[in-house]
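S.K.: Structure provided below as structure tokens; questions to follow.
The values are calculated or read from the model by the stated rules, or taken from the named source; none is laboratory data. Nothing here was measured: the structure is a model prediction, and the numbers come from that model. Please note: Cβ atoms are built from the backbone with ideal geometry, for glycine as well, and neighbour counts cover all protein chains shown.
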Ligand code: HEM
């Protein structure tokens, strides 16, 4: 029931999670003889997340078809080895070298937005998706992709996500035999091919660049260069990880920016505080951001964190329970699957009685829950998001450039959300913008 398209997702989640809140322990659903545990308690989730590292056997397998055998859905043995190799490519020193690219892409977005200024509601999602895709390719892969490639890729990816969600609403399509004969399967195969083809092209461009520079390894810092040089992964493994990173990094960041802009446009007082902060840091200048600026953008960061708490983009993730796990009031049995409801955690009583409100100030005024596990926008435990700092840098840079030029208007009460792997708006026309200075 939670996998419905175009549903008022939050209400359904709320009623589902209510029971967990009041009882304070796990509930479960039966899927045939197997249980699906449903957890909303942050301590319980943290325990399971650190002990059970295998992705679930319901969604995980199917997601792997799309996302590939990269970190997100790989089996535990592969994951351990690859995570160790990939982790250094996300250290702060490497991320700092990406800032000029974040600045460039954000400036490009400001230019693209120009044609929408003063013209009423427009679809900002397409622009954001393209921008984050270009950014991830450019930074992590060290190559540029053109606009047509970006459009082609994002369309295929979204159709594939839509199909994946629809498949789970139609019981008969769960049977592989029927699904394999369906048009949806044909369409899905095409989408996956488009997405993979792009990854192959990125890798081949990179290899050509290498050959042209006679394998000059100076200045190696991008994700793909690191993998190519480590000699620890096969070409197939590299393609899988690159593909995985493009998907994990681009769609997530664009969705969070999409919702954050809607919220900023709906809360003028929050928008004003961001503008004051930007004025304080940059004055009238429209210079690029340097890393010291990012550290000063505390209110903007609070808005981003609160947006991700309020509209948690990955409302749940799943794990396979491969061993007995004792949580506070219950014991999870092996052989079953478990849902971590991040939506439930973010609406948990520990957030206080204003948990249902968008309130960036809670991040600044010591109103945060004393439990450090209460925030799970980037998941928790050993398989948490490897791109967290990357995403925060990218999103802060983008907001700084946009808000130095435009005022945003929106009404988030009109927002309808559907679940398609991540949460997505049902339609895309939610914000309008006005230039408040020439950019
Ligand atoms: C605001 C943006 C982002 C959000 C909200 C987000 C959220 C998440 C979440 C919830 C997970 C955990 C899934 C699970 O526990 O099963 C995850 C994993 C992951 N994310 Fe992110 N992510 C974001 C941006 C990024 C970026 C920019 C990158 C890379 C450039 C990235 C790469 C990954 C990878 C590779 C994993 C798998 C980690 C592993 O299993 O070891 N993410 N992300």
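S.K.: Name the residues in the stretch 361-397 that are more than 7 Å from the ligand (Cβ to nearest atom) and closer than 17 Å to residue 258 by Cα, would you?
M.R.: Scanning the stretch 361-397 gives 392, 393, 396, 397.
S.K.: Which of the residues spanning the stretch 103-121 are more than 26 Å from residue 139 (Cβ to Cβ) and part of a helix (DSSP H, G or I)?
M.R.: none
S.K.: Taking the stretch 245-284 on its own, how many of its residues are modelled with pLDDT of 95 or more and away from the ligand (no atom under 16 Å from the Cβ)?
M.R.: Qualifying residue count, the stretch 245-284: 19.
S.K.: Something else about it: In this structure, is residue 306 part of a helix (DSSP H, G or I) and either without any contact (Cβ under 8 Å) to a residue 60 or more places away in the chain or touching a helix residue (DSSP H, G or I) at 6+ places or on another chain (Cβ under 7 Å) (or both)?
M.R.: On the way: part of a helix (DSSP H, G or I): yes; either without any contact (Cβ under 8 Å) to a residue 60 or more places away in the chain or touching a helix residue (DSSP H, G or I) at 6+ places or on another chain (Cβ under 7 Å) (or both): yes.
The answer is yes for residue 306.
S.K.: Run down 373, 424, 437, 396 and say which single residue is within 23 Å of the chain's Cα centre (by Cα) and surrounded by fewer than 20 Cβ atoms within 10 Å (Cβ to Cβ). Can you show your working first?
M.R.: On the way: 424 fails: surrounded by fewer than 20 Cβ atoms within 10 Å (Cβ to Cβ); 437 fails: within 23 Å of the chain's Cα centre (by Cα); 396 fails: surrounded by fewer than 20 Cβ atoms within 10 Å (Cβ to Cβ).
On inspection, the qualifying residue turns out to be 373.
S.K.: Shifting gears a bit: Taking residue 417 as the residue in question, decide whether it is in contact (Cβ under 8 Å) with a residue 12 or more places away in the chain, over 30 Å from residue 96 (Cα atoms), within 16 Å of the ligand (Cβ to nearest atom) and touching a strand residue (DSSP E or B) at 6+ places or on another chain (Cβ under 8 Å). Talk me through it step by step, then tell me what you get.
M.R.: Numbers: in contact (Cβ under 8 Å) with a residue 12 or more places away in the chain: yes; over 30 Å from residue 96 (Cα atoms): yes; within 16 Å of the ligand (Cβ to nearest atom): yes; touching a strand residue (DSSP E or B) at 6+ places or on another chain (Cβ under 8 Å): yes.
So residue 417 fits the description; yes.
S.K.: Then there's this: Only residues in the stretch 283-298 that are within 13 Å of residue 106 (Cβ to Cβ) count as the first member; pair them with residues that are modelled with pLDDT under 95 and assigned to a loop (DSSP other than H, G, I, E, B), Cβ under 7 angstrom, at least 6 apart or cross-chain, and list the lot.
M.R.: 286/439
S.K.: A follow-up question, please. Looking at the stretch 19-29, is at least one residue surrounded by 19 or more Cβ atoms within 10 Å (Cβ to Cβ), at pLDDT 90 or above and in a helix (DSSP H, G or I)?
M.R.: no
S.K.: Related question: I'd like to check something: does the stretch 145-153 contain any residue that is within 16 Å of the ligand (Cβ to nearest atom), closer than 29 Å to residue 233 by Cα, part of a helix (DSSP H, G or I) and at pLDDT 95 or above?
M.R.: no
S.K.: Let me ask something else about it. I'd like the full set of residues that are within 26 Å of residue 224 (Cβ to Cβ) and either touching a strand residue (DSSP E or B) at 6+ places or on another chain (Cβ under 6 Å) or surrounded by 15 or more Cβ atoms within 10 Å (Cβ to Cβ) (or both), limited to the stretch 175-199. Spell out the reasoning first.
M.R.: First pass over the stretch 175-199, keeping only residues within 26 Å of residue 224 (Cβ to Cβ): 189-199.
Within the stretch 175-199, 191, 192, 194, 195, 196, 198, 199 qualify.
S.K.: Looking only at the stretch 358-394, count how many residues are farther than 26 Å from residue 55 by Cβ and in contact (Cβ under 8 Å) with a residue 40 or more places away in the chain.
M.R.: Keep residues of the stretch 358-394 that are farther than 26 Å from residue 55 by Cβ, which gives 358-370, 393.
Filter again for in contact (Cβ under 8 Å) with a residue 40 or more places away in the chain, leaving 358-364, 393.
Qualifying residue count for the region: 8.
S.K.: Residue 162 fails exactly one of the following numbered conditions: (1) over 24 Å from residue 62 (Cα atoms); (2) under 19 Å from the mean Cα position of the chain (by Cα); (3) surrounded by fewer than 21 Cβ atoms within 10 Å (Cβ to Cβ). What is the number of that condition?
M.R.: Looking at each condition in turn, residue 162 falls short on (1).
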